[in-house]
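Presented below is the structure to which this report refers.
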Amino acid sequence: MLRPLRFLPDDTSIVFMPIARKGFYVSMVLCVLSIGLFFVEGLNYGIDFRGGTLIEIKTQGPADLGDLRSRMSSLGLGDTELQEFGEPDDVLIRIATQPGGEEAQQAAVDKVKAALPPGVDYRRVEVVGPKVSGELARDGTIAVVVAICAVLIYIWFRFEWQFAFGAVASLAHDVILTIGLFAILQIGFDLSIIAAILTIVGYSLNDTVVVFDRFRENLRRYKQKPLDEIIDQSLNQTLPRTIMTSISTLVALIALYVFGGEVIRGFTFAMIWGVVVGTYSSIFIAAPVLIFLGARIGTAAGDAKAEAEKARP
């Protein structure tokens, strides 16, 4: 008879809270550094947010970037960037927004095509105006903020306000560290990364709610136990499920990162990082916040009141 695959036994007794308190402060320092990197280094915004023209080409044989750059610099199109995109014969050409509207952008594309050597295969041409890029940046920011606020309201109604702030602290931690990582590595940041961040919010929330639900059950069952012990017990009870979910998700994401091609590599990289940091934050961010905010006081009082009402004739 086949046994179910397990990465951890069901009866672990890891003492998380002493480590979690230290990890919480380390995470706060990393969040401050990430915010600083965002304002100092900035993000490597893609064509979605900066506006301009993006042309993806495939050359015959390995691309000669030096020759291509010299051809582009002679066109007088302003800021032009070239980079290898996956295989040695795949190249991305980014051109700054040209004054004169859509006709000027199309004229720039025609100039590039005329300057490139024959035999080039044009895989993709995207033109995004500055007004559209500004709207996309604004809408992407609003989407992330609205998602986190919706989580705050949902957790507040399902549990209590301490749980809501613990969940939001965990989600904000994941989003800020993701932005900090993209700022320090200067990986292209476009709409697909916004989609990845929203997916990370959902993944981290699911993991946090599972832990919170078990914690609430144990809080009602063991009212005389210290809060640290109840949280450690809840984390150990949900740890096998958390690790199994994280590893199975990472296996799929790593396969996509390796074999999925350059187009989705930024998205899958953000997702891999999000799964790791989301699993971490459920233990080392959300749980300590419950202790700092005194989650037991409100919950125990609510349970006592409910029991008193049931006991009335």
Which value, to two decimals, describes the C-alpha radius of gyration of the chain once divided by 2.2 N^0.38 Å? 1.28
For the range 84-227, divide the Cα radius of gyration by the Kirkwood radius and give the resulting Rg/Rh value with two decimals. 1.20
Percent of beta bridges antiparallel (DSSP, the chain, rounded to nearest 5): 90
Cα-based radius of gyration of the range 25-91 once divided by 2.2 N^0.38 Å, which approximates compact folds: 1.60
Could you identify which residue out of 94, 216, 69 has the top mean-square fluctuation in a GNM of the chain using Cα springs shorter than 10 Å? 69
Could you name the aspartates and glutamates whose alpha carbon sits less than 19 Å from that of residue 113, not counting residues in the same chain fewer than 8 places away? 56, 64, 67, 79, 81, 84, 89, 90, 102, 103, 121, 126
Which one of 73, 283, 27 is farthest out on the positive end of the charge dipole of the chain, using unit charges on Cβ (Lys, Arg +1; Asp, Glu -1) and the Cα centre as origin? 283
Please give the charge dipole size of the chain, origin at the Cα centre, charges +1 on K and R Cβ atoms and -1 on D and E Cβ atoms. Round to the nearest 20 debye. 1320
Contact order normalised by residue count of the chain, Cα under 8 Å, 6+ apart, percent: 27
Compute the separation of the alpha-carbon centres of the range 238-296 and the range 128-200 and state it in Å as a whole number. 15
Can you list which of the DSSP-assigned H helices in the chain have a Cα extent of 30 Å or more along the long axis and an average Kyte-Doolittle score of at least -0.5? 17-40, 130-158, 161-185, 191-221, 227-259
Net charge around residue 17, counting only other residues with Cβ within less than 9 Å of its Cβ (Lys, Arg = +1; Asp, Glu = -1)? -2
Work out the charge dipole of the chain with +1 on the Cβ of Lys and Arg and -1 on the Cβ of Asp and Glu about the Cα centre, then indicate which of 146, 180, 107 is farthest towards its positive end. 146
Per the Cα gyration tensor, the range 169-244 corresponds to an equivalent ellipsoid with semi-axes, largest first in Å, of 33, 12, 10
Kirkwood radius from Cα pairs of the range 133-213 plugged into Stokes-Einstein at 37 °C, 0.692 mPa s, gives D in µm²/s equal to 247
Report Rg (one decimal) and Dmax (nearest whole number) for the range 52-128, counting Cα atoms only, units Å. 11.6, 36
Per residue of the chain, what 222 nm ellipticity follows from adding -39500 (n - 2.57) for every DSSP H run with n ≥ 4, rounded to the nearest 500? -23500 deg cm²/dmol
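Read-outs: derived from the displayed coordinates by stated rules, not from any lab. The model shown is predicted, which means the values in this text are computed figures rather than measured ones. We place every Cβ from the backbone using ideal geometry, glycine too, and count neighbours over all the protein chains shown.
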